[in-house]
Amino acid sequence: MNETFWWYLARSSGIVALVLLVATVVWGVLLHTRVLKPHDRPAWLLDLHRWLGGTALVMTGFHMLGLYLDGYIGYGATQLLVPGTSEYRTIGVAIGVVSFYVLVAVQVTSYLRTKLSKRLWHGIHMLSYGLVWGAAVHAGMAGTDVTNRVYQVVALLLTMLAVAATAVRVLNPGRTKRPATAR
């Protein structure tokens, strides 16, 4: 196997994971706000939203596996799982580690949604917006492709898409509880 295989796996899967995270948030916003109504199909949006989130977690796992098996920087389990223990771009990597834990929390609670209170699930799920920003900051601070023009354009487009999705979500909060009527 090529000596740079794991390095390329780490880089590519990290970028793909970021794209999938942004897409997951966009699909979640489309699902919640129904801004495409009557042309949207909620069941399809939900299925795709779940698939994107799960695939983002898998790609993040490949990203971490590639870093672990690539010998250049020498990441061990501690550097991959404990924030602040990496000597390489410590803050950027720490943000990535914390973002990983948020991703796991969002995904696990999504699978357990029927067993959790709606308030708890919703509170954890709303961390997805911070997760996307954390992953983007991680990529910008710890990523080695930040000087590549193609990567810069993709990162800019992803950032714009994430900002737009967040704005749509904030401006269209979706269904709200109606106040109780007076008796």
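Matching residues to (1) in a helix (DSSP H, G or I); (2) surrounded by 13 or more Cβ atoms within 10 Å (Cβ to Cβ); (3) aliphatic (A, V, I, L, M):
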{"site": "15", "(1), (2), (3)": "yes, yes, yes"}
{"site": "18", "(1), (2), (3)": "yes, yes, yes"}
{"site": "23", "(1), (2), (3)": "yes, yes, yes"}
{"site": "31", "(1), (2), (3)": "yes, yes, yes"}
{"site": "36", "(1), (2), (3)": "no, no, yes"}
{"site": "45", "(1), (2), (3)": "yes, yes, yes"}
{"site": "51", "(1), (2), (3)": "yes, yes, no"}
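Can you name the residue in region 85-99 that is over 20 Å from the mean Cα position of the chain (by Cα) and farther than 18 Å from residue 11 by Cα and is also surrounded by the most Cβ atoms within 10 Å (Cβ to Cβ) among such residues?
85
Considering 120, 103, which residue is over 20 Å from residue 6 (Cβ atoms), surrounded by 14 or more Cβ atoms within 10 Å (Cβ to Cβ), at pLDDT 95 or above and of a type outside the set (D, E, K, R)?
103
Pick out the one residue from 85, 147, 114 that is farther than 26 Å from residue 34 by Cα and out of contact with any helix residue (DSSP H, G or I) (no Cβ under 8 Å at 6 or more places or on another chain).
Answer to the selection: 147.
Name the pairs whose Cβ atoms lie under 7 Å apart, with the first residue in region 79-97 and free of Cβ contacts under 8 Å to residues at least 12 places away in the same chain, the second charged (D, E, K, R) and surrounded by 14 or more Cβ atoms within 10 Å (Cβ to Cβ), and 6 or more positions between them or separate chains?
Between residues of region 79-97 that are free of Cβ contacts under 8 Å to residues at least 12 places away in the same chain and residues that are charged (D, E, K, R) and surrounded by 14 or more Cβ atoms within 10 Å (Cβ to Cβ), there is no close pair.
Across region 141-183, what is the number of residues that are in a helix (DSSP H, G or I), exposed (fewer than 10 other Cβ atoms within 10 Å of the Cβ) and either among the hydroxyl-bearing types (Ser, Thr, Tyr) or modelled with pLDDT under 90 (or both)?
Residues in region 141-183 being in a helix (DSSP H, G or I), exposed (fewer than 10 other Cβ atoms within 10 Å of the Cβ) and either among the hydroxyl-bearing types (Ser, Thr, Tyr) or modelled with pLDDT under 90 (or both): 1 in total.
Which of the following residues is free of Cβ contacts under 8 Å to residues at least 12 places away in the same chain and not polar (S, T, N, Q): 47, 70?
One residue alone meets the criteria, 47.
Only one residue in 33, 85 is out of contact with any Lys or Arg (no Cβ under 7 Å at 6 or more places or on another chain) and among the hydroxyl-bearing types (Ser, Thr, Tyr). Which one?
Going through 33, 85 in turn, just one is out of contact with any Lys or Arg (no Cβ under 7 Å at 6 or more places or on another chain) and among the hydroxyl-bearing types (Ser, Thr, Tyr): 85.
The values are calculated or read from the model by the stated rules, or taken from the named source; none is laboratory data. The model shown is predicted, which means the values in this text are computed figures rather than measured ones. Cβ atoms come from the backbone with ideal geometry, glycine included; neighbour counts cover every protein chain shown.
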